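The values are calculated or read from the model by the stated rules, or taken from the named source; none is laboratory data. If you're wondering where the values come from, they're calculated on a predicted model, not measured in any experiment. As a convention, Cβ positions derive from the backbone with ideal geometry for all residues, glycine included, and neighbour counts pool all protein chains shown.
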Amino acid sequence: MDLIIRNARLRKTEGLRDIGISGGRIAAIEPKISGKGAQEVDAGGRLVTESYVNTHLHLCKVYTLAMMDEMALAAYHGDGMGKAMNAIELAARIKEQYDEEWILPNVRKALRLAARFGCTHIRAFADVDSKAKLVGVKALLKAREEFRGVVDVQVVAFPQDGVAREPGTLGLIRNAMELGANVVGGIPWIEFTEADSLDHVEQMVRIAREFDADVSMLVDDAGDPGLRTLEMLASSLIREGMVGRGLAHHARAMALYPTPYFQKISALLKKADMGVVSDPHTGPLHARVRELLAEGNLVCLGQDDISDAYYPYGRNNMLEVAFLNSHLLWMTGREDMEVLYDMVTTKAARCMHVSDFGLTVGKTAHLVVLREKNLTDALRNHREPLHVVSHGRLLDSTLYAEGDDE
């Protein structure tokens, strides 16, 4: 074995186990693995789980809050999210200063934090429009290569300021995909008319189909129960033969949907085989997470932002995200904690279509050795793991220890 983790406590498993890793994959999970590994770690009865997965991060904007005032932050968080569109317009000012010279160091800092806190997979949004052009995409593509084998970065070409509202954006999105972006983004509710919102959805879905890519869209992200872009996205994916290739983000207006309409949306999500990413800690409204789960929908959590115009905190620590949302969603029972943990590990991996993921023999080894022996203490403390294994390799924690202190 290349690496053996001894005396690991696994979730929902009696007794301790040894985990053997060879050729980057989990080769054995047994009460006792004979022989010696090239490297060995004694978990000492601590909890060992899958690593963390962040399905939603605006990576080109991390640490930009210090570069601007807090007007966008106040607009996004205030008045029942009735000024969410205004917040996006205010936040767009930062893109007048976009330059890889400062974006890339910020991105590296955030990805070092991800490695430190055991987050091995991120779906990362880069704004693409007349102001940002392809500057953010190019910075994220460089960082993706630099962190390959440590943190997997899926780059999303994201038309943050709209398509109808931003002439030329369609061509830029296609350019971003040609450069190597992984996912086609979208934010259709930002358009001024319902017709433009539908066109936004359909244009992005067609580009995704053209490049055989997934779709990630921020839908219904305002305090308006009349928003219908989540429905538009699910319906478009079904019409275009893209079932299973979409992911809906935020859907905050869902909190205001009448119950009959919510039931319709839940059924439509299943038909489109589409998950929902919720980030309740970054806005005063959020998708009806508990009800979606009760209906059997796929739901996960995302970090969303790190110190930008929409949220002042964030460390790429998905255990911290789960801790925060345990309170916001009132998921505080033991079974709730298990579900929350799935929402930042296995369910999140499913949402990102990371199929080779899980603490089972044959899967690529993406693991964390926590400092605690049970899930309650792990959530309570939300500390960085004792050890992180990414792509079958034990990471050197000293390389990432100062990621948030610079």
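For the reader, a short list of remarks on this structure follows.
- Meets criteria (in contact (Cβ under 8 Å) with a residue 60 or more places away in the chain and among the charged types (D, E, K, R)) for Glu50: yes
- Filtered residues of segment 204-230 (kept if under 28 Å from His77 (Cβ atoms) and under 21 Å from the mean Cα position of the chain (by Cα)): Met204, Val215, Ser216, Met217, Leu218, Val219, Asp220, Asp221, Ala222, Thr229, Leu230
- Residues of segment 356-382 classified as touching a helix residue (DSSP H, G or I) at 6+ places or on another chain (Cβ under 8 Å) and assigned to a loop (DSSP other than H, G, I, E, B), total: 6
Condition check ((1) outside the structural domain of Cys300 (by TED's automatic domain parsing); (2) more than 21 Å from Asn317 (Cα to Cα); (3) not polar (S, T, N, Q)) across all residues:
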| position | (1), (2), (3) |
| --- | --- |
| Ser34 | yes, yes, no |
| Gly45 | yes, yes, yes |
| Leu57 | no, no, yes |
| Asp69 | no, yes, yes |
| Lys83 | no, yes, yes |
| Asn106 | no, no, no |
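- Check on Ala176, more than 15 Å from Leu247 (Cα to Cα), touching a His at 6+ places or on another chain (Cβ under 7 Å) and either of a type in the set (Lys, Arg) or at pLDDT 95 or above (or both): no
- Flag for Gly314 being among the small types (Gly, Ala, Ser), more than 30 Å from Glu40 (Cα to Cα) and more than 15 Å from the chain's Cα centre (by Cα): no
- Among the residues listed as Ala234, Ala322, Ala272, Ala251, the single one being within 16 Å of the chain's Cα centre (by Cα), crowded, with 19+ Cβ neighbours inside 10 Å, modelled with pLDDT of 95 or more and within 24 Å of Thr193 (Cβ to Cβ): Ala251
- Test: Asp279 is of a type in the set (D, E, K, R), under 16 Å from Met81 (Cα atoms) and touching a Gly at 6+ places or on another chain (Cβ under 9 Å): yes
- Candidates Glu166, Glu145, Glu191 - the one that is farther than 27 Å from Ala84 by Cβ and over 15 Å from the mean Cα position of the chain (by Cα): Glu145
- All told, Ala114 meets the bar of being hydrophobic (A, V, I, L, M, F, W, C), in the same structural domain as Gly223 (by TED's automatic domain parsing), buried (at least 24 other Cβ atoms within 10 Å of the Cβ) and in contact with a Phe, Trp or Tyr (Cβ under 9 Å, 6 or more places away or on another chain).
- Candidate set: segment 333-355, residues that are among the aliphatic types (A, V, I, L, M) and assigned to a helix (DSSP H, G or I); chosen: the one farthest from Ala213 (Cα to Cα): Met337
- Identity of the residue in segment 383-402, polar (S, T, N, Q) and not in a strand (DSSP E or B), that ends up nearest to Asn325 (Cα to Cα): Ser397
- Test: Gln263 is of a type in the set (S, T, N, Q) and surrounded by 24 or more Cβ atoms within 10 Å (Cβ to Cβ): no
- Filter result for the condition that a residue is over 29 Å from Asn316 (Cα atoms), surrounded by 16 or more Cβ atoms within 10 Å (Cβ to Cβ) and of a type in the set (A, V, I, L, M), over Leu218, Leu170: Leu170
- Search result, residues across segment 268-315 that are farther than 24 Å from Arg93 by Cβ, out of contact with any helix residue (DSSP H, G or I) (no Cβ under 8 Å at 6 or more places or on another chain) and either assigned to a loop (DSSP other than H, G, I, E, B) or of a type in the set (Asp, Glu) (or both): Asp273
- Test: residue in segment 392-399 that is touching a helix residue (DSSP H, G or I) at 6+ places or on another chain (Cβ under 9 Å), under 18 Å from Asp42 (Cβ atoms), surrounded by fewer than 20 Cβ atoms within 10 Å (Cβ to Cβ) and hydroxyl-bearing (Ser, Thr, Tyr): yes
- The residues of segment 104-136 that are assigned to a helix (DSSP H, G or I) and either farther than 15 Å from Leu386 by Cα or free of Cβ contacts under 8 Å to residues at least 12 places away in the same chain (or both), listed by number, are Leu104, Pro105, Asn106, Val107, Arg108, Lys109, Ala110, Leu111, Arg112, Val135, Gly136.
- When segment 151-206 is filtered for residues that are among the small types (Gly, Ala, Ser), in contact with a helix residue (DSSP H, G or I) (Cβ under 9 Å, 6 or more places away or on another chain) and assigned to a loop (DSSP other than H, G, I, E, B), the ones remaining, listed by number, are Gly162, Ala164, Gly180, Ala181.
- Apart from one condition, Arg239 fits all of (1) in contact (Cβ under 8 Å) with a residue 24 or more places away in the chain; (2) farther than 22 Å from Cys300 by Cα; (3) not small (Gly, Ala, Ser); the exception is (1).
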